[in-house]
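See below for the structure under consideration.
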Amino acid sequence: MSEIADKLLKQGIYQYQNHKFEAALESWQQALAIYQEISDRRKQAAVLGNIGVAYDALLDYHSAIEYYQRHLNIAREIQDREGEGKALGNLGNAYYALENYSQAVVYQQKRLTIAQEMQDEFGCEQAYSSLGIAYHGSGEFAQAKECYQQQLAFAKKIDNYTSQGDALFNLRLVYQSMEDARKAEECRQQQIAIAKELD
């Protein structure tokens, strides 16, 4: 039974990657039923997260939140810190999509705490990015700027040029929101320099 569920899980991933979100949902729901039947909590958590991501892609954020919450509950139950961090980040992103910025901030801060505890530099970079976006959405520009600067620092630390470009783009937007044209232009110039390095 486990092999059938694993096959359905992989099938869903393939379908999702090919933008067949409803088909992916169906495969993952079937896999979930089997994992529940055989009491595989770790795989249940993973597939619940995937189902949430599929609902996210279909712009059904309320359903996505329901599945992310279930993923989070199991991740905590089985003490899977990495899974817990992913679920928290996904919850934050879904609340952001619903323009509930205060909830988005709460979840992204929790995600960041886990990434810091795990000394996960990539996770920290991603969490600072999402947290900055949530603060920016809520109009808290100073906090957003701080997060984007941290994102940039981590992106440099892990030699991720794409993320450096993203962080500079986000910083540029926040400086524009703060009406600091000089700083916004500095970020734009740094972005151009990084883009040249990537060519």
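The values are calculated or read from the model by the stated rules, or taken from the named source; none is laboratory data. Nothing here was measured: the structure is a model prediction, and the numbers come from that model. With ideal geometry, Cβ positions are generated from the backbone for all residues, glycine too; neighbour counts draw on all protein chains shown.
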- Across the range 107-138, what is the number of residues that are in contact (Cβ under 8 Å) with a residue 24 or more places away in the chain and outside any helix (DSSP H, G or I)? 3
- Only unsatisfied item for Leu88, checking (1) modelled with pLDDT of 95 or more; (2) under 25 Å from Tyr175 (Cβ atoms), is (2)
- Restrict the check to the range 154-169 and report whether at least one residue is more than 19 Å from the chain's Cα centre (by Cα), assigned to a helix (DSSP H, G or I) and farther than 22 Å from Glu82 by Cβ. yes
- Query: Residue check, Val106 against (1) β-branched (Val, Ile, Thr); (2) over 25 Å from Arg41 (Cβ atoms); (3) crowded, with 19+ Cβ neighbours inside 10 Å, all met but one. Which one?
  - Reply: (3)
- Query: Checking Ile158 against (1) of a type in the set (A, V, I, L, M); (2) surrounded by fewer than 16 Cβ atoms within 10 Å (Cβ to Cβ); (3) at pLDDT 95 or above, which test does it fail?
  - Reply: (3)
- Selection over the range 147-176 where residues are in contact with a His (Cβ under 8 Å, 6 or more places away or on another chain) and closer than 17 Å to Ala195 by Cβ yields a count of 2
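Among the residues of the range 33-45 satisfying the criterion of being more than 21 Å from the chain's Cα centre (by Cα) and in a helix (DSSP H, G or I), which is surrounded by the fewest Cβ atoms within 10 Å (Cβ to Cβ)?
Of the residues in the range 33-45, the ones more than 21 Å from the chain's Cα centre (by Cα) are 33-41.
Add one more test, that the residue is in a helix (DSSP H, G or I), and what stays is 33-37, 41.
On the way: Ala33: 13, Ile34: 20, Tyr35: 25, Gln36: 14, Glu37: 11, Arg41: 14.
Out of the qualifying residues, it is Glu37.
Can you work out which of the residues in the range 13-22 that are surrounded by 15 or more Cβ atoms within 10 Å (Cβ to Cβ) and without any contact (Cβ under 8 Å) to a residue 40 or more places away in the chain is farthest from Arg81 (Cα to Cα)?
Taking the range 13-22 as the starting set, the residues that turn out to be surrounded by 15 or more Cβ atoms within 10 Å (Cβ to Cβ) are 15-16, 20-21.
With the extra rule that they be without any contact (Cβ under 8 Å) to a residue 40 or more places away in the chain, the set shrinks to 15, 20-21.
On the way: Gln15: 28, Lys20: 30, Phe21: 27 Å.
Checking each candidate, the answer is Lys20.
Considering only the range 109-151, state which residues are basic (Lys, Arg) and closer than 24 Å to Asp180 by Cα. First the steps, then the outcome.
Residues of the range 109-151 that are basic (Lys, Arg), as a first pass: 110-111, 145.
Within the range 109-151, Lys145 is the sole residue that qualifies.
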- Query: Taking Tyr128, is it under 24 Å from Ser27 (Cα atoms) and either β-branched (Val, Ile, Thr) or crowded, with 18+ Cβ neighbours inside 10 Å (or both)?
  - Reply: no
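Would you be able to tell me the number of residues in the range 59-77 that are assigned to a loop (DSSP other than H, G, I, E, B) and surrounded by 14 or more Cβ atoms within 10 Å (Cβ to Cβ)? Can you show your working first?
Residues of the range 59-77 assigned to a loop (DSSP other than H, G, I, E, B): 59-60.
Next cut, surrounded by 14 or more Cβ atoms within 10 Å (Cβ to Cβ) only: 60.
So the count comes out to 1.
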- Query: Which residue, of Leu25, Leu48, Leu91, is closer than 23 Å to Ser138 by Cβ, of a type in the set (A, V, I, L, M, F, W, C) and surrounded by 20 or more Cβ atoms within 10 Å (Cβ to Cβ)?
  - Reply: Leu91
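Examine the range 21-32 for a residue that is assigned to a loop (DSSP other than H, G, I, E, B), within 25 Å of Leu88 (Cα to Cα) and within 23 Å of the chain's Cα centre (by Cα), and state whether such a residue exists.
The first filter runs over the range 21-32 and keeps only residues assigned to a loop (DSSP other than H, G, I, E, B), leaving none.
The answer is no, given that none of the residues of the range 21-32 is assigned to a loop (DSSP other than H, G, I, E, B), within 25 Å of Leu88 (Cα to Cα) and within 23 Å of the chain's Cα centre (by Cα).
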